[in-house]
1. Can you find even one residue in region 42-53 that is farther than 13 Å from residue 8 by Cβ and surrounded by fewer than 21 Cβ atoms within 10 Å (Cβ to Cβ)?
2. For region 6-36, what are the residues that are surrounded by 20 or more Cβ atoms within 10 Å (Cβ to Cβ) and over 17 Å from the mean Cα position of the chain (by Cα)?
3. What residue, of 112, 117, 107, is surrounded by 14 or more Cβ atoms within 10 Å (Cβ to Cβ), touching a helix residue (DSSP H, G or I) at 6+ places or on another chain (Cβ under 7 Å) and under 27 Å from residue 2 (Cα atoms)?
């Protein structure tokens, strides 16, 4: 398997949205009002209108995607304007365990370096154990609790720019 990382193109829209929904499907019994939440997840590709959406492609199929929101771009008020933000890291269930998520996160961290962001932020939940384990292993720390999203606990996690090089080194070592 040789994943190719590349920028999103409009032709990817439906595939990205399907991968996002497939990636979150395992949590369907944990979120209140799953149909509404799933509908929102199914609009992931729309984030490309205001941020960098990256896809991982394997043999012509979208295997994963992530959004990097650079400094100065529209974002949730939980993140300061000058930060880089990682949003919606998704990997299709059939492609998990092959390093696709790590490669997508590495691309976001390189973008944060490129943009001179003083901090990289993200929000995630303890129910997303694999992603959380990866983020903590890279040096992200939980800096505050957030309001639950449809009944699921979330926290904000941060990685200072001073730790980007070390995090990228850890990702390279795992590749």
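Only the coordinates and a few stated rules stand behind these numbers; no lab work does. Please read these numbers as outputs of a predicted model, since none were measured by experiment. Cβ atoms come from the backbone with ideal geometry, glycine included; neighbour counts cover every protein chain shown.
1. Of the residues in region 42-53, the ones farther than 13 Å from residue 8 by Cβ are 42-43.
Within this subset, residues satisfying the condition of being surrounded by fewer than 21 Cβ atoms within 10 Å (Cβ to Cβ) are 42-43.
Scanning region 42-53, I find at least one residue that is farther than 13 Å from residue 8 by Cβ and surrounded by fewer than 21 Cβ atoms within 10 Å (Cβ to Cβ), so the answer is yes.
2. Listed by number, the list holds a single entry, 31.
3. Unique residue meeting the criteria: 112.
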